[in-house]
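Just so you know, all these numbers are worked out from the coordinates, no wet-lab data involved. Since we're looking at a predicted model, the values are computed, not measured.
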């Protein structure tokens, strides 16, 4: 999973974008994630599923009126791992 301080599972652009957005907010729904990242719903769904399986995000289903709504939140571990990834990238001259 980790190679030289890098979590390879976070290197795919959709996962990086989704988790990068979620560490900046308290929680978000798919529509807001889509608006911020430019990803489509299937890509967001796959990224969220992968991140949730690794306990980096928490997913909650609720109703907004009569419509289902999926709300996603970065876990403390997700925030820690993403910030660690950014710190590791800075060591290689990648500023973020």
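Computed from Cα atoms, the angle from the helix 41-53 axis to the main principal axis of the chain rounds to 60 degrees.
Over the residues of the chain, the helix contribution to mean residue ellipticity at 222 nm works out to -15000 deg cm²/dmol, using -39500 (n - 2.57) for each DSSP H run of at least 4.
For the chain, the longest principal axis of the C-alpha atoms and the axis of helix 13-22 are separated by about 70°.
Compared with the alpha-carbon gap, the fully stretched path from residue 87 to residue 8 is longer by 27.0 nm at 0.36 nm per residue. Note on the chain: with a GNM built from Cα contacts shorter than 10 Å, the maximum mean-square fluctuation among 58, 81, 66 falls on 66. Semi-axes of the equivalent ellipsoid for the chain, please: Cα gyration tensor eigenvalues, times 5, square-rooted, ordered largest first, whole Å. Semi-axes, largest first: 25, 13, 11 Å. Could you tell me how many degrees, from 0 to 90 and to the nearest 10, lie between the Cα long axis of helix 76-91 and the main elongation axis, the longest principal axis, of the Cα atoms of the chain? In the chain, helix 76-91 runs at an angle near 40 degrees to the longest axis.
The GNM of the chain, with springs linking C-alpha atoms under 10 angstrom apart, assigns the highest mean-square fluctuation among 65, 20, 84 to 65.
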